[in-house]
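Student: Structure provided below as structure tokens; questions to follow.
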Amino acid sequence: MKKSLAFLCLALAFATIFGVALFLPLPNQTAHAESGLYQKLNDELVKIYEEDVAREPVVTYIPQEELKALAEKHSFSIKKTKALVILSDLSFRVDEPTPFATLAKMKDREIIRFGKHLFDLYGKTLSKEEKKALKEKALAALKSN
């Protein structure tokens, strides 16, 4: 059971490089519970996104006070706010520009679907070697969570 759960988590996480990993629910939580939905997003995944995808600070350049204010404005957790900042940034990088405010209005299922779509588009820009290296980094980051 534990092995198949680990495989399922791994398969889902790698299905779209590491994008969907931001949104996987924790065990025994529904996909609708925000507390579980964004818990996989950790500092290491943010670092991987900034260093290997964006190649510039995206989340870390935003002062904590601003992140907190943005989260409070939309009644989001800090992790959900960071996830939406990342998705908004990625959307502009793959030529499907979607501002944070638009993402903030989406339901979690729509965010998951859109995030998967964006990471699928991004994945098509990578060589097999780059994709493999990114997946390995993401897996290591998920294990540290």
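Student: Which of the pairs LYS40/LYS107; LYS79/LYS105; LYS73/LYS143; LYS80/LYS128; LYS68/LYS105; LYS79/LYS132 have their Cα atoms more than 24 Å apart in this structure?
Tutor: Exceeds cut-off: LYS73/LYS143; LYS80/LYS128; LYS79/LYS132.
Student: Explain nothing, just compute: Karplus ³J(HN,Hα) = 6.51 cos²θ - 1.76 cosθ + 1.60, θ = phi - 60°, for every residue of region 112-128 in order, whole Hz, x for Gly and Pro.
Tutor: 4, 4, 5, x, 4, 4, 4, 6, 5, 4, 5, x, 5, 8, 9, 6, 4
Student: Next up: Do any chymotrypsin sites (Phe, Trp or Tyr not before Pro) in region 55-145 lie in a loop, going by DSSP, with at most 12 other beta-carbon atoms within 10 Å of their beta carbon, and if so which?
Tutor: TYR61
Student: Another question about this same structure. Starting from region 116-145, pick out the trypsin sites (Lys or Arg not before Pro) whose DSSP state is loop and whose Cβ has at most 10 other Cβ atoms within 10 Å.
Tutor: Sparse-neighbourhood loop trypsin sites (Lys or Arg not before Pro): LYS124.
Student: Moving to a separate point now. Run the quick spin-label model on LEU121 and LYS73: label points 7 Å from Cα toward the beta carbon, then report their separation in nm to one decimal.
Tutor: The modelled label-to-label distance comes out at 2.3 nm.
We did not get these values from a lab; they are worked out from the coordinates using the rules stated. Please read these numbers as outputs of a predicted model, since none were measured by experiment. All Cβ positions, even for glycine, are placed from backbone atoms using ideal geometry, and neighbour counts span all protein chains on display.
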